[in-house]
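One structure is given below, encoded as C-alpha cells.
The values are calculated or read from the model by the stated rules, or taken from the named source; none is laboratory data. If you're wondering where the values come from, they're calculated on a predicted model, not measured in any experiment. No Cβ is skipped: glycine too gets one built from the backbone with ideal geometry, and neighbour counts run over all protein chains shown. Ligands, DNA and RNA are stripped out before the accessible areas are found, and what is left, the full protein with its side chains, is counted by its heavy atoms. Shrake-Rupley method; radii C 1.70, N 1.55, O 1.52, S 1.80 Å.
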Amino acid sequence: MTVEVTTIAQELSLVEKNFLKRVCDGQQLGCADRIEDRARQRLRKLGLVHVVKNPRRWEPLPLGLSVRAVL
C-alpha cells in the first residue's frame, strides 16, 4: 500500500496537492473555479476525499490522509 500511496502523491497536480492539504488541515475552502473543481472531483474519484452534506463540506478519507502524510 505504501507504493500505491507514493505513486498517487507523485501523480497529483499542484492544484490537487494544494486542495488535499487544505482539506486534511481543516482550512477554509472558497468557491472553486473550473480548474479547482476538476481537481476536487478527481480527488473524489480517486477516493482521497468525499463530500458530506448538511452542512456541505469536504472531508479527507483514510487514503487521502495517507497521501497527505507523504506530501
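Summary table below
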item: Yes/no for Leu63 being open to solvent by less than 90 Å² (accessible area, probe 1.4 Å) and in contact with a Lys or Arg (Cβ under 8 Å, 6 or more places away or on another chain); result: no
item: Segment 2-52, residues that are of a type in the set (A, V, I, L, M, F, W, C), without any contact (Cβ under 8 Å) to a residue 24 or more places away in the chain and open to solvent by less than 50 Å² (accessible area, probe 1.4 Å); result: Ala32, Val51, Val52
item: Pick from segment 23-42, criterion small (Gly, Ala, Ser) and under 12 Å from the mean Cα position of the chain (by Cα), ranking: modelled with the lowest pLDDT; result: Gly26
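Listed here are the residues, each with its yes/no results for (1) over 16 Å from Leu71 (Cα atoms); (2) assigned to a helix (DSSP H, G or I); (3) under 14 Å from the mean Cα position of the chain (by Cα); (4) at pLDDT 95 or above.
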| residue | (1), (2), (3), (4) |
| --- | --- |
| Glu16 | no, yes, yes, yes |
| Lys21 | no, yes, yes, yes |
| Arg44 | yes, yes, yes, yes |
| Asn54 | yes, no, no, no |
